[in-house]
Amino acid sequence: MIRRIAFLCLVLTLPVFSQTTLNGAGATFPYPMYSKWFSQYHKDHPDVQINYQSIGSGGGIRQVLAGTVDFGASDGPMTDEQLAQSKTKILHVPTVLGADVPAYNLNVAGDLKFTPEALAGIFLGKITTWNDPALAKVNPTVKLPSDPIIVVHRSDGSGTTFIWTDYLSKVSPEWKSQVGTGTSVKWPVGLGGKGNEGVAGMLRQMPGSIGYVELVYAVQNNIHYGEVENSAGNFVKASVETVTAAAASMKNMPADFRVSIVNAPGKNAYPISSFTWLLIPAQSKDATKGRILADFLNWMVSDGQKMTADLTYAPLPEDVAAKVKAEIQQVR
């Protein structure tokens, strides 16, 4: 009996380790990368759980402004007006670089080539068949069918859409004046899918369709994606190397990291590349969560960058990573 009482006393006096849960929401563009990072960080820190809802950049911005999450995520930087709505300073922390690709479901040999004019024409609803001269001219060896083009776009507020429309606005004055840039726009034509996952699913199911998804979603779903003519006049396919080449064109990173690198110069630059950001309140409501967020961000910008290539994301340039580490010091 004495031994049993002694054992119970020992159990009761052992320290209890509680788990801290961080909640985030936002962009689907980097979700595969974030999912891998959060899982690995939990393995290294079993007392920390990071839950992330892949709901689109628009939702991530809304939730971080409402204070219903510990952090948000977006592929399109918040506007000055949105930042002014926040009760606390929100930091844009770049995490990786990725690419929007023109993904399509068409039974043809080889990769299709797309000019900026052709992509704008397709999404404006002016190019409606696959054998249109604008496509046939730059794909002379491909037997293009006369099938109608089915356009697929995002139905939710999306940073992937921001990147795509930012690109189209820079290469097409008609697109810029009629539609413009945004996480949500009034689409001239097409069907909507929710998230990169939704668009990828529709593309797989619909022969003759074309849409835009983040590179990893095309790779993981075995969806064809084409080469895009860049500002140097070269047709370039999205890859870690060509996205890195686009990032290298950025000579002066703004202090707040809100920057666009679409249609970047450089002969090897993939033209629809972008940074993606975590939206981090500088002052957390919970000091413990603030310390954990800062620790995770430091891990992400160092060890985490070594994991990017496996999922076809490009790591942060070294000079940007160094600036991010300095920025993280503000997180409390």
Selection from 288, 243, 61 lying farthest towards where the dipole of the chain points positive, charges on Cβ: 288
Magnitude of the charge dipole, the chain, Cβ model with Lys/Arg +1 and Asp/Glu -1, debye to 20: 620
Over all Cα pairs of the chain, how is the pair count split among 10 Å bins, expressed in % and running from 0 up to the last occupied bin? 6, 26, 32, 19, 10, 4, 2, 1, 0, 0
Could you work out how far helix 31-44 tilts from the main Cα principal axis of the chain, as a 0 to 90 degree angle to the nearest 10? 20
Taking +1 at the Cβ of each Lys and Arg and -1 at the Cβ of each Asp and Glu, which of 148, 35, 168 sits farthest along the dipole of the chain towards its positive end, judged by Cα position relative to the Cα centre? 35
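Pairs of Cα atoms under 8 Å, at least six residues apart: use those to get the relative contact order of the chain, whole percent. Before the final figure, lay out each step's value.
On the way: 688 pairs, mean separation 76.7, N = 332.
Relative contact order of the chain: 23 percent.
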Helix 2-13 versus the longest principal axis of the chain: what is the Cα-based angle in degrees, 0 to 90, to the nearest 10? 50
Let a ≥ b ≥ c be the square roots of the eigenvalues of the Cα gyration tensor of the range 99-248; is it rounded (a/c under 1.5), or, if not, prolate (a/b larger than b/c) or oblate? rounded
For the residues 92, 45, 153, what sequence is obtained by ranking on other C-beta atoms within 10 Å, fewest first? 45, 92, 153
For the range 163-221: relative contact order, % (alpha-carbon pairs under 8 angstrom, 6 or more apart): 22
Just add up the charged neighbours of residue 174: K/R +1, D/E -1, any other residue whose Cβ is under 14 Å from the Cβ of residue 174. +2
At a Cα cut-off below 27 Å, give the lysines reachable from residue 113, other chains included and same-chain residues fewer than 8 away excluded. 126, 137, 143, 170, 176, 186, 194, 237, 267
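Evaluate the charge dipole of the range 99-248 about its Cα centre and quote only its size in Debye, nearest 20, assuming +1 on the Cβ of each Lys and Arg and -1 on the Cβ of each Asp and Glu.
On the way: 11 positive and 13 negative charges, 47 e Å.
In debye, rounded to 20, the range 99-248 gives about 220.
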Just for the chain, what percent of DSSP beta bridges are antiparallel, to the closest 5? 60
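Taking the number of other C-beta atoms within 10 Å as the exposure measure, put 191, 65 in order starting with the fewest.
Numbers: 191 15, 65 18.
Least crowded to most crowded, the residues run 191, 65.
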Listed residue (225, 178, 109) projecting farthest to the positive dipole end of the range 99-248, Cβ model: 178
Provide the per-residue ³J(HN,Hα) series for the range 288-297, in order, calculated from phi with Karplus coefficients 6.51, -1.76, 1.60 and θ = phi - 60°, each as a whole number of Hz, with x at glycine and proline positions. 5, 5, x, 5, 5, 4, 4, 5, 4, 4
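Each reported figure results from applying straightforward, stated rules to the coordinates on display, with no laboratory input. If you're wondering where the values come from, they're calculated on a predicted model, not measured in any experiment. Neighbour counts run over all protein chains shown; Cβ positions are idealised from the backbone, glycine included.
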